[in-house]
Amino acid sequence: MLDSFRFHHIGYAVFSLDATAAIYEKAGYRRSETIFDPLQNVNICWLTKEGFPTVELLAPVDEMSPVNGTLKKSGVSPYHCCYVVERIEDAVAELKRQKYIVVKKAAEAVAFNGSRVCFLFNKDVGLIELVEEPAIMIS
Ligand code: NI
């Protein structure tokens, strides 16, 4: 990772957005609208609560959704951590030097109103997502 990273959210693989979100809503989280994310081939929603880390729920839409592997192996569980970066190309170049592999190249994300995201993997860190400023979530 990089010293300049700012934590943004933790993404959870879930079977059902409604089933999991209901539990968070009871605990005072606000749930966003549901969005289809074509980059990850999942439906997602945001869960936010003042003073708590933002949670993203990712539910499969078909057999091709990448979260299926996680769900089969571990059930509902953390899938990625996301960090905000100023310039995604610079961050990716540096992470490649640190032995990260690009899993999904930088592309505009619906869930962030068009800010670019990318996914990288490192065997000692796991899957991380980068989102470029301004990283404003749909609400
Ligand atoms: Ni995410």
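Return the total of residues in segment 58-96 being under 18 Å from Ala109 (Cβ atoms), free of Cβ contacts under 8 Å to residues at least 60 places away in the same chain, of a type outside the set (A, V, I, L, M) and open to solvent by less than 60 Å² (accessible area, probe 1.4 Å).
Final tally of qualifying residues: 2.
Residues of segment 109-135 being of a type in the set (D, E, K, R) and either assigned to a loop (DSSP other than H, G, I, E, B) or at pLDDT below 95 (or both), which ones? First the steps, then the outcome.
At the first step, the residues of segment 109-135 found to be of a type in the set (D, E, K, R) are 116, 123-124, 129, 132-133.
Lys123, Asp124, Glu133, listed by residue number.
Can you pull out the residues in segment 97-139 that are open to solvent by less than 20 Å² (accessible area, probe 1.4 Å) and more than 15 Å from the ligand (Cβ to nearest atom)?
Selection gives Tyr100, Asn122.
This table checks each residue for (1) within 13 Å of the chain's Cα centre (by Cα); (2) closer than 19 Å to Ala19 by Cβ; (3) aromatic (Phe, Trp, Tyr).
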site: Thr54; (1), (2), (3): yes, no, no
site: Pro78; (1), (2), (3): yes, yes, no
site: Ala91; (1), (2), (3): no, no, no
site: Val102; (1), (2), (3): no, no, no
site: Ala106; (1), (2), (3): no, no, no
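Ala59 fails exactly one of the following numbered conditions: (1) of a type in the set (A, V, I, L, M); (2) part of a loop (DSSP other than H, G, I, E, B); (3) touching a helix residue (DSSP H, G or I) at 6+ places or on another chain (Cβ under 8 Å). What is the number of that condition?
Condition (2) is where Ala59 drops out.
Would you say Glu89 is more than 11 Å from the ligand (Cβ to nearest atom), more than 19 Å from Pro134 (Cβ to Cβ) and acidic (Asp, Glu)?
Values: more than 11 Å from the ligand (Cβ to nearest atom): yes; more than 19 Å from Pro134 (Cβ to Cβ): no; acidic (Asp, Glu): yes.
Judged against the criteria, Glu89 is not a match.
Kindly provide the set of residues from segment 87-118 that are of a type in the set (Val, Ile, Thr) and closer than 24 Å to Ser32 by Cα, ordered by number.
Initially, segment 87-118 is screened for residues of a type in the set (Val, Ile, Thr), giving 88, 92, 101-103, 110, 117.
Matches in segment 87-118: Val110, Val117.
Which of the residues spanning segment 8-57 are within 15 Å of the ligand (Cβ to nearest atom) and either free of Cβ contacts under 8 Å to residues at least 12 places away in the same chain or more than 28 Å from Lys72 (Cβ to Cβ) (or both)?
Correct list: Thr48 only.
Scan segment 1-53 for residues that are assigned to a helix (DSSP H, G or I) and open to solvent by 40 Å² or more (accessible area, probe 1.4 Å) and jot them down. Walk me through how you get there before you give the answer.
Quick first cut of segment 1-53, residues assigned to a helix (DSSP H, G or I) only: 17-26.
Across segment 1-53, the qualifying residues are Asp18, Ala19, Ala22, Ile23, Tyr24, Glu25, Lys26.
The values are calculated or read from the model by the stated rules, or taken from the named source; none is laboratory data. Just so we're clear, the structure is a prediction, and the values are computed from it rather than from any experiment. With ideal geometry, Cβ positions are generated from the backbone for all residues, glycine too; neighbour counts draw on all protein chains shown. These area figures cover heavy atoms from the full protein model, side chains too; ligands, DNA and RNA do not enter into them. Shrake-Rupley method; radii C 1.70, N 1.55, O 1.52, S 1.80 Å.
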